[in-house]
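The values are calculated or read from the model by the stated rules, or taken from the named source; none is laboratory data. Predicted model only: the values in this text are computed from it and were never measured. Using ideal geometry, Cβ is built from the backbone for each residue, glycine included, and neighbour counts are taken over all protein chains shown. The accessibility values were calculated without ligands, DNA or RNA, using every heavy atom of the protein model including side chains. Shrake-Rupley method; radii C 1.70, N 1.55, O 1.52, S 1.80 Å.
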Amino acid sequence: MRIAPAFPTRAQTEEFRWTPGEARRRLVHGFDSRNASSRSFNLIRSKLVTLHRDRGWRMLGVVSATPSVGKSIVSSNVAAAMSRDPRFQTYLMDLDLRRGTIKDIFGIDTDDGIVNYLEQSEPGGILAGFMPQGQELIIVPSMPGPVHSAELLASERATALFRAMRSSDERNYFICDLPPVFANDDAAIIMESLDGYIIVAQDGKTTQREIAATVEMLGHDRLAGVVLNKYRGGLVSEGYGIEDRYASEYYASRDTDED
């Protein structure tokens, strides 16, 4: 019995309202290359394109050691920047099954998502996909809730999901927003099926020890880089600084965790 899902094409997605004003309000700057706040995400995109060329990577996880460091907003902006490259069809997958926030970041009104697919017993159909008006990014959201995430991720249906990602059209590029590494073992389980990962760290909050422990758990060979959120300097070795103005606006605009 076929249980693997099909990934939605652009024609099979549900389009939702998206304007430059919405992008600014929701701090998703990666779609607009003219916006100075997209510069860091453009540099990350360049690194990912190089890794695709040199290593064939097209399934990338975005992780953090702990919650509340801006991981999901970074995932969203990296995916937005990547979607501007016409060589790829970029998918943003919310694999934080318990506390996913991608749907809230983009303002997607839905009760459907990856958890529904993982909990179903029927053969897999087309995953629910959503696309911002005027953009090329396909978003596959998750509904947060008290699910048995480790069991779902270790299930046959999850295995089929990751296998389908791997065997899908070679143009498909998957940016996967993962749970914080030390919240549970979900990120480690998911990373068994992905090519590489980016660590999001908050300057002044995430410790070097936490970053080192994350790399030790997930593997140095698969580390694509470290993004320092709220970094006040320029670019740093092994990663990228994100403008402090962007980070300040982000933290001032939300009273709840993004991760």
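Tabulated data for the structure shown
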read-out	value
DSSP beta bridge pairing in the chain, given as percent antiparallel to the nearest 5	5
FRET efficiency, ARG17 to ASP111 (Cβ-Cβ, R0 22 Å, nearest 0.05)	0.75
If the convex hull is drawn through the Cα atoms of the range 31-170, its volume per residue in Å³	133
Proximal lysine pairs, the chain, alpha carbons under 15 Å, eight or more residues apart or interchain	4
Per residue solvent-accessible surface (Å²) - the chain, probe of 1.4 Å	44
Gyration tensor verdict on the range 41-92 (Cα atoms; rounded if a/c is under 1.5, prolate if a/b is larger than b/c, oblate otherwise)	prolate
Distant-in-sequence amide H partners of GLU14 (H built 1.01 Å from N, under 5 Å)	GLY129, PHE130, MET131
Whole-number percent relative contact order across the range 49-147, with pairs defined as alpha carbons under 8 Å at least 6 apart	30
Positive dipole terminus of the range 1-87, leading residue within GLY61, LEU43, SER72 (C-beta point charges)	LEU43
Extension gain (nm, one decimal) between MET143 and GLN120, 0.36 nm per residue minus Cα-Cα	6.8 nm
Among SER83, SER46, SER38: highest mean-square fluctuation, GNM of the chain, C-alpha pairs under 10 Å	SER46
Gyration tensor (alpha-carbon) shape descriptor, the range 1-93, a/c threshold 1.5	rounded
Gained length - SER46 relative to SER155, 0.36 nm times residue gap less alpha-carbon distance	35.8 nm
Cα pair distances in the range 115-199, grouped into 5 Å bins until the bin that holds the longest one, percent each	3, 11, 22, 26, 22, 12, 4, 0
Kirkwood Rh, Cα atoms: Rg over Rh of the chain	0.93
Percent carbon-and-sulfur accessible area, the chain, ignoring ligands, DNA and RNA, probe 1.4 Å	47
Taking the C-alpha atoms of the range 1-40, convex hull volume expressed per residue in Å³	127
